[in-house]
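Only the coordinates and a few stated rules stand behind these numbers; no lab work does. Since we're looking at a predicted model, the values are computed, not measured. When we count neighbours, we look across all protein chains shown, and the Cβ atoms used for this are built from the backbone with ideal geometry, even at glycine.
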Amino acid sequence: MKKSIIKTKDRKKIDEDPFYQTCSLFGWFGHECEGRITKEHALIHQGRKIQELWAIIPLCAKYHSVDEFQDNGLLNKELNMWVALNRATDKELFDRKGIDYIHQRDYLNEKYGPWYSKADSEIIY
């Protein structure tokens, strides 16, 4: 798969959005963040990474398995998909033909509960 590059206009939005400053798994399931905050393309559709902002999530390097954490086995695509699908609207999910992303989100929410950013309720220093 080719390396994915986030569009300049989307990169600017990401850089200005406080959501992207904290790992999206912060506070979930005993997750202990380490390293820089990276951007994870959580979903692949028809062989391509989805480039919508809802599908690009912030993830610490440790749980993205990059940098000094390369190949540590902590990358969990299912959890990353769970975060992304909960960030999307029903319309955004429905517009993706070929995969029932609403059903996938419902399945993951039954398994893990509905995702929300726990960082919003925490003070991070």
Worksheet item: Which pairs, out of 7/111; 9/97; 39/111; 9/111, put more than 27 Å between their alpha-carbon atoms?
Response: 7/111; 9/111
Item to complete: Just add up the charged neighbours of residue 35: K/R +1, D/E -1, any other residue whose Cβ is under 15 Å from the Cβ of residue 35.
Response: -3
Worksheet item: residue 32 to residue 97: extension gain in nm, 0.36 nm per residue of separation minus the Cα-Cα distance?
Response: 19.8 nm
Discussion item. Quick one: 3J(HN,Hα) in Hz for region 26-31, Karplus 6.51/-1.76/1.60 with θ = phi - 60°, rounded, Gly and Pro as x.
Written reply: 3, x, 9, 6, x, 4
Worksheet, complete the sentence: Note to self, the chain gives a 222 nm [θ] from helices alone (DSSP H runs n ≥ 4, -39500 (n - 2.57) apiece, / all residues, nearest 500) of -9000 deg cm²/dmol
Item to complete: Would you mind classifying region 1-64 by shape? Square roots of the alpha carbon gyration tensor eigenvalues, ordered a ≥ b ≥ c; an a/c under 1.5 is rounded, otherwise it is prolate if a/b is larger than b/c and oblate if not.
Response: oblate
Discussion item. Taking the Cα centroid of region 58-125 and of region 4-28, what is the distance between the two, rounded to the nearest whole Å?
Written reply: 13 Å
Worksheet item: Percent relative contact order of the chain, based on C-alpha pairs within less than 8 angstrom and at least six residues apart?
Response: 22 percent
